[in-house]
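Quick notes on the structure that follows.
Values quoted throughout were computed directly from the atomic coordinates according to the rules given, and no laboratory measurement underlies them. Remember, predicted model here, so these are calculated numbers, not experimental data. Neighbour counts are summed over all protein chains in view; Cβ atoms, including those assigned to glycine, are modelled from backbone coordinates with ideal geometry.
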Amino acid sequence: MKLKTFLLTALLAVVYVLHQDFWNWKEAYPLVFGFLPIGLAYQAGYSILAAAMMAVLVRVAWPNHLENVESEVKDLKEDRS
Amino acid sequence: MIPVIVVSIYLVIIGVIGSLAFRKSKANTEDFFLANRAVGSMVFFLSIFATNMTAFAILGSSGQAYRQGIGIYGLMASSSGFVIPLTIFFIGTRLWAIGKRFGHQTQVSFFRDRWECSAIGTVIFALSVAMLVPYMIISIMGGGRVLTDISGGRVVYPLGCAVVALVVTANVFFGGMRGTVWVNVFQTLLFLLFGAVAVAVISHSLPGSFGDYIQKIATNPKTRYLVTRERMPERYFWSYTLIPLSSIMFPHMAIMCFAARRITAFKRTVVLYPLAILAIWLPCVFLGVLGSQLEPGLKNPDGILLHLLTDHAPVWLAGILGAGIISAVMGSDTHQVLAVSTMFTKDVFAHYGGKAKYGERGSVHFARGFIVVVTLIAYIVALITPASIFELAVRFAFSGFAAMAPVMIAALFWKRSTKYGALASTLWVAGWLLLTWYLQNISDASAPGPGKPPLLIFPALGHLFERTIVNVTVYGFLPVVPMVFGSALCMIVVSLLTAPPSAETITKYFPGRKSESSGQGAETDQAFEQLAARGR
């Protein structure tokens, strides 16, 4: 396995595991911004982390080889008539 | 009356956008079903998001938060915000490329070609339709209920359902995929704004601050569970991370992936998706929890947002926000109707000779006729059948489609996968759906009340099957867990025991493998092709 693939897989696994915030399970406090219970604020932050994770994937693991795919369907134009 | 007028204006706008799309349409199926595979980047994001967001994202999320508290956000929203973009990234992009290369317009068409078998496509088609149609019906029911609630009962339920069914039918009938995605742009923007506006308006109207109300909930032992997850079992919470695998397997989501103009359209979508979920779900969940204090004792907590808006927002704004809710309903419903029509036209009508006999134009006529018939039937069923039946079916559908994800992953990434592996997985999923349905039915009468421990369904089997207030569980996990892992296992074991597809098909779908590999890799490919040849 290439190092890049290994690191990305590990990163994905870590982000997945971080979703299970068992340490917040029975906690309501602190109230983030004075009104968001910690469990809800954490999971909201997790959504932002997920977006950052996706940005990393798009940047370093984008399937470039698919960008120049051409249609191999010969009769498509005839079908469009 | 003002909310009804505002919603009516919204429906007229939807109709106008649909008719504009109709003017641009051509009489071929690729244009009708996939907007000529020319959906641009931003429209693609807004549309695929609308495809996946139903009324549940607004009404259901706040209703569940009212009942269960903040845990519902982590349970359904943040897990979806991670898993759904991942599936779009890994599966959606590959589906797009395969659709573009070989002209596939549905998953079933891909499976048939990939595994050189018409029957496997038909089996998956039957299961997919059985799981999708209840979802479509419940969307019409949801839309009807929302229109009735927003109008304060002036629009009766059958009329509300009829309006939703009619607008959806007209939109899909005339505009096809193009009309659907154009309307989605407007709809998604509207419901993305919904949450923030609702929070701002309600906070402005309350005598106390949000913090005061949350403090009150957190310090009361009877309501404290609403701001923690102390009543939410951890196994249940983890099980839910598998449910979003269903998203890409829903036919309307997969079909959307075929419609993008370029693969780069997926980039923006995967990054923005978690943030869009955050924008909708966080305010709705928060307001649902808050609603338990502001409007206690509601018989139907799914209406909590409508209650809050009625009490705390000016009527014209309540109308606009109501239109936002209707948008969420219609956005997904139009895609579901279009997907069912696409599947019947391509996977049944065209596949079994209809296209050869009647041509592309005939296929589009068939699709339009089918749209009218299927929404009419859905409307009638919505009126005469209790919603609970379909709510249950939809819950099962999410588990079922999630458990079909290994089939798609194998088709795309594992060249050794076989049609028998796919068949075994599909039968495993269908079997579990029937088993869960049966267990649910026999345990309904003995389901424990809120806060009570789960009940053993068969005491002799110990904790294997338990019944909670709502669900059947398997050793405390949701049925989706054995369904997904069992489906993957079926695919692996049965594929390894049966002959792979021909080398020609393998080369067709994995063209780069041979040329990219060298040395040992090339030998492996050669050995594989020999194996494939023996299999034939």
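Computed values, structure above
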quantity	calculated
Viscosity 1.306 mPa s, 10 °C: Kirkwood-radius Stokes-Einstein D of chain A over Cα pairs, µm²/s	96
Rounded to 10°, Cα long-axis angle of helix B:59-68 versus longest principal axis of chain B	70
Globularity ratio of the stretch B:2-389, using Cα Rg and 2.2 N^0.38 Å	0.99
Overall form of the stretch B:270-374 per C-alpha gyration tensor (a/c, 1.5; a/b vs b/c)	prolate
The stretch B:346-427: chymotrypsin sites (Phe, Trp or Tyr not before Pro) in DSSP coil with no more than 14 other Cβ atoms inside 10 Å	B:Tyr352
More than 16 Å apart - percent of Cα-Cα pairs taken over the stretch B:428-510	62
Values of log10 I(q)/I(0), in the order q = 0.17 Å⁻¹, for the stretch B:65-124 under a Debye, Cα-only, solvent-free model	-0.69
Debye-sum result for the protein assembly as shown in log10 I(q)/I(0), which assumes one identical scatterer on each alpha carbon, at q = 0.08, 0.12 Å⁻¹	-0.57, -1.31
Loop-resident sites, the stretch B:135-208, for trypsin sites (Lys or Arg not before Pro), counting at most 16 other Cβ within 10 Å (DSSP)	B:Arg154
For the stretch B:6-155, the Rg and Dmax computed from alpha carbons only, in angstrom	19.0, 55
Cα gyration tensor shape of the stretch B:209-249, rounded if a/c is under 1.5, else prolate or oblate by comparing a/b with b/c	oblate
For residues of A:49-62, the mean tally of beta carbons on other chains within 10 Å	6
Over the stretch B:208-311: Kirkwood hydrodynamic radius from C-alpha pairwise inverse distances, Å	17.1
The stretch B:396-473: mean projected area of Cα convex hull, nm²	6.4
Dipole in debye (nearest 20) - chain B, about Cα centre, beta carbon charges: Lys, Arg +1; Asp, Glu -1	980
Loop-resident sites, the stretch B:1-101, for trypsin sites (Lys or Arg not before Pro), counting at most 16 other Cβ within 10 Å (DSSP)	B:Lys24, B:Lys26
The stretch B:1-53 and the stretch B:385-416: distance between their alpha carbon centers, rounded to Å	26
